[in-house]
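I have placed the structure first, in the form of structure tokens, so that the comments after it can refer back to it.
The values are calculated or read from the model by the stated rules, or taken from the named source; none is laboratory data. The shown structure was predicted, so the numbers you read here are calculated from the model rather than taken from an experiment. Methodologically, a virtual Cβ is constructed for each residue, glycine included, from the backbone with ideal geometry; neighbour enumeration extends over all protein chains shown.
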Amino acid sequence: MPTDAPLAHSFDVVVIGTGGAGLACAIEAAARGARVAVLDASDAVGGTAAGAGGGTCIAGSPLQERLGLADSVDLALEDWARWGGDTADLDWAEAYLRASVPELFEPLAAAGVRWIGVNGHEGNRVPRWHRPAGGGRAVMAALERRARMLPTIAWLLGHRVERLVLEGGRVTGVHARSGEREVELRARAVVVATGGFNNDPEMVAEHATAAAGAERVLLGGGAGARGEGHRMLRDAGARFTELDAVWMYPYATPDDLDPEGRRGLALRGIDGDVWINDGGHRFHDESLRGGATGTAALLDQPNGRCWSVFDARIAARLVIADPHYTDGSTPIRKRVEAFLRRSPFVASASSAAELAARIDVDAVALGDALSQVNSAVGAGAERDPVFGKPLAGLDALDEAPFFAVRLHPMARKNLGGVRTDLACRVLDEHGRPIDGLFAAGEVAGMAGGRINGRAALEGRRSGRASTAAWSPAAASPADGPERDGLPCIRTSRTLHGRRRSRHP
């Protein structure tokens, strides 16, 4: 495929991947005077980030202040340490939190991103999950616009990097292919920002060991999240840690349009539902539906699966987090409704008893599950009496038709990855930096819990550090201790209810 700029064969920095980390790195390096080549196997820019919600953990932002939310880096760091325990990586945590406003919130706002709200999530005493208008697609569009303005960036889309070039223990470039055309690019620094492996069934099966007893684990990574960067880095002698730390969503159902039957769809906007197991019984507070307690509860059920049961009111709010079903962050209602009619993993009925028969669960048990919530809502209770689910703002589940959607765990993010230091330099098996090699984003274990914005921070840091690798006057890399791939507030303590160790 032709490049977007005349192809030179020698660059200061080569960036592999056009997700949040890759574009942030390219922008930072080019702004510091580097000649940058950006490669991606896809013809489109954005990676997994373009199809994600785009939410970012930010502490002490102007938006929080406007909303009356008193937050600070110190408070967020306390949450991180408390939730992470002795496995929390506080070096990266503090670096991230202190940079979250000046290096993420403000630059993205200046690039055109509109921050429209702040959500609260488990483990955080203050809501700090910042939501952008238009989701991840809007964030990536803003980064791409900025990158396209920089004349020293050459774009090689549709070019799959097959291997890193090593000479004398140093990475000196990449070997790539576009169709029948091969190209070898020389570089003083190479940044691997290829994302995770959650669209690779073999790697998910190997590493998602927490779900070993589940009937199935759905794939939830972007189209390019096939672990290609992991394999390149391993061939270069890099050290990996916590690859089994796979963050799984519990609120996913199989994508009936996927011809291979492996992809999952994340379901949002249905927080008033009830979850029942194959016996028809509730087993969990459904408001805790994230990848920590929600996934742990799901995996504790027979075959690691359950049904999400809701009524017509909730069905009208259902959001399917997939580009086929959304226009930016706006649901395409006709397609969502068609999914509810079409999917073999969805049942509907005019009564709860009829629904129980259609999904083959005990009708009395399902009736009890619904009445637990409905009776408490009708009585004006703050919480349901069985699992303590908060009921404020919820309606009774009593408007036909009723729906049941089969839920399975879906591998979405990789919390472990290649080991790097605070300058994003890739470390070998002995903990030494591999000359000329950097990594950022999910391939380095960035994506987890509530800090997805760290991809952009790592991208900026790797951009500075890779620039400094060839021009010491251009930047001062933030040297520091190495870190694991488990940075998140939520899962550096536990992964789906299981204690993690700091070292591999």
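Please list, ordered by residue number, the helices (runs of 4 or more DSSP H) wholly in the range 322-408 having 2 or more residues that are assigned by TED's automatic domain parsing to the domain that holds PHE283 and among the charged types (D, E, K, R).
Ranges flagged: 333-342, 352-359.
Could you please find all residues in the range 291-316 being small (Gly, Ala, Ser) and either modelled with pLDDT under 95 or not assigned by TED's automatic domain parsing to the domain that holds GLU337 (or both)?
Selection gives GLY291, ALA292.
Name the single residue, out of those in the range 45-72 being of a type in the set (S, T, N, Q) and surrounded by 22 or more Cβ atoms within 10 Å (Cβ to Cβ), that is modelled with the lowest pLDDT.
THR48
Counting just the residues of the range 270-290 that are of a type in the set (D, E, K, R) and crowded, with 21+ Cβ neighbours inside 10 Å, which one comes out modelled with the lowest pLDDT?
Looking at residues that are of a type in the set (D, E, K, R) and crowded, with 21+ Cβ neighbours inside 10 Å, I get ARG289.
Results for (1) farther than 30 Å from THR209 by Cβ; (2) within 34 Å of the chain's Cα centre (by Cα); (3) polar (S, T, N, Q), shown as yes or no for each residue.
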site: VAL336; (1), (2), (3): yes, yes, no
site: LEU340; (1), (2), (3): yes, yes, no
site: SER348; (1), (2), (3): yes, yes, yes
site: GLN372; (1), (2), (3): yes, yes, yes
site: ALA376; (1), (2), (3): yes, no, no
site: GLU382; (1), (2), (3): yes, yes, no
site: PRO390; (1), (2), (3): yes, yes, no
site: ARG412; (1), (2), (3): no, yes, no
site: ARG425; (1), (2), (3): no, yes, no
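For the range 76-83, check the following and say yes or no: at least one residue is crowded, with 20+ Cβ neighbours inside 10 Å, assigned by TED's automatic domain parsing to the domain that holds ALA223, touching an Asp or Glu at 6+ places or on another chain (Cβ under 9 Å) and not basic (Lys, Arg).
yes
Find the helices (runs of 4 or more DSSP H) located wholly in the range 86-157 whose residues include 2 or more that are crowded, with 20+ Cβ neighbours inside 10 Å, and list them.
The helices (runs of 4 or more DSSP H) meeting that bar are 90-99, 135-148.
So THR18 ticks every box in (1) among the polar types (S, T, N, Q); (2) surrounded by fewer than 21 Cβ atoms within 10 Å (Cβ to Cβ); (3) within 27 Å of ALA245 (Cβ to Cβ); (4) at pLDDT 90 or above but one. Which box is left unticked?
(2)
When the residues of the range 301-332 are narrowed to those that are farther than 19 Å from ASP273 by Cα and of a type in the set (D, E, K, R), which ends up nearest to the chain's Cα centre (by Cα)?
Out of the qualifying residues, it is ASP322.
Anything in the range 247-269 that is surrounded by 20 or more Cβ atoms within 10 Å (Cβ to Cβ) and modelled with pLDDT under 95? List them, or say none.
Result: TRP247, single match.
Just to be sure, is LEU288 in a loop (DSSP other than H, G, I, E, B), outside the structural domain of VAL217 (by TED's automatic domain parsing), closer than 24 Å to ASP395 by Cα and not polar (S, T, N, Q)?
It is true that LEU288 is in a loop (DSSP other than H, G, I, E, B), outside the structural domain of VAL217 (by TED's automatic domain parsing), closer than 24 Å to ASP395 by Cα and not polar (S, T, N, Q).
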